[in-house]
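The values are calculated or read from the model by the stated rules, or taken from the named source; none is laboratory data. None of these values were measured; they are calculated from a predicted model. When we count neighbours, we look across all protein chains shown, and the Cβ atoms used for this are built from the backbone with ideal geometry, even at glycine. Remember, those area values only see protein heavy atoms, side chains included, never the ligands or the DNA or RNA. Shrake-Rupley method; radii C 1.70, N 1.55, O 1.52, S 1.80 Å.
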Amino acid sequence: MNITMPTLPYAVNALEPVISEQTINFHYGKHLQNYVNTLNTLVQGTEFEGKSVEDIVKTAPDGPIFNNAGQTLNHALYFLQLKAPVQGNEPTGKIAEALVRDFGSFENFKKEFAQAGATLFGSGWAWLSQDKDGKLVITKDSNAGNPLRQGNTPLLGSDVWEHAYYLDFQNRRVDHLAALWDIIDWNVVESRMK
Ligand code: MN
């Protein structure tokens with residue numbers, strides 16, 4: 001078992017009312033734990049045994065090992081970028097400047113990012129990432145996709161699998177995405193920039 005769960009930097013009820021303790025218990029405690037356990041089982045005896053999750057995501061062919069590595073990495077990025085709700089929560093410093101540079105304004109970035117999540121059909125992820133030239137880009141991936149597959153650096157990920165929001169928002173994905181802005185830890189997002 002060389003691939004481990006990320007440790008949550010907050011209590012399981014700390015994200016309420018945006019994300020409930022019940023959702024954390026299922027999403028982190030059951031869904032993510034299952035991806036980690038499955039990945040550890042699948043890599044045994046393969047060329048991926050002993051490799052980092054990032055290396056597996058970058059190099060594994062499409063299939064079960066990639067799917068479980070992608071979801072392990074995606075959820076580590078997701079859970080570690082969150083914090084207790086702050087009204088009027090906004091980025092500052094280097095990340096704020098880069099968002100204005102590449103999207104015109106923070107408000108416009110939020111609009112485009114929410115649009116990416118809202119229009120992704122089925123299960124997947126909306127991403128803010130940094131391309132090889134340092135420019136910030138918004139992309140979306142189905143299922144377990146991650147910007148590392150395209151050579152980009154993931155900064156902020158939005159999980160639009162229904163298990164991320166159904167207990168709290170039922171079918172209202174757009175409302176869930178709008179509420180998320182209060183719990184983004186922009187210091188963590190900035191720390192992922194190159
Ligand atoms: Mn998820």
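Summary table
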| read-out | value |
| --- | --- |
| Pairs where the first residue, in the stretch 97-120, is more than 13 Å from Leu156 (Cα to Cα) and the second is in a helix (DSSP H, G or I), C-beta under 6 Å, 6+ apart | Phe103/Phe109; Phe106/Leu99; Ala118/Val174 |
| Residues of the stretch 75-97 that turn out to be touching an Asp or Glu at 6+ places or on another chain (Cβ under 9 Å) and either open to solvent by less than 60 Å² (accessible area, probe 1.4 Å) or not polar (S, T, N, Q) (or both), as a count | 16 |
| Helices (runs of 4 or more DSSP H) completely within the stretch 1-103 that count 1 or more residues being more than 18 Å from the chain's Cα centre (by Cα) and within 18 Å of Ala144 (Cα to Cα) | 33-43, 53-59, 64-80 |
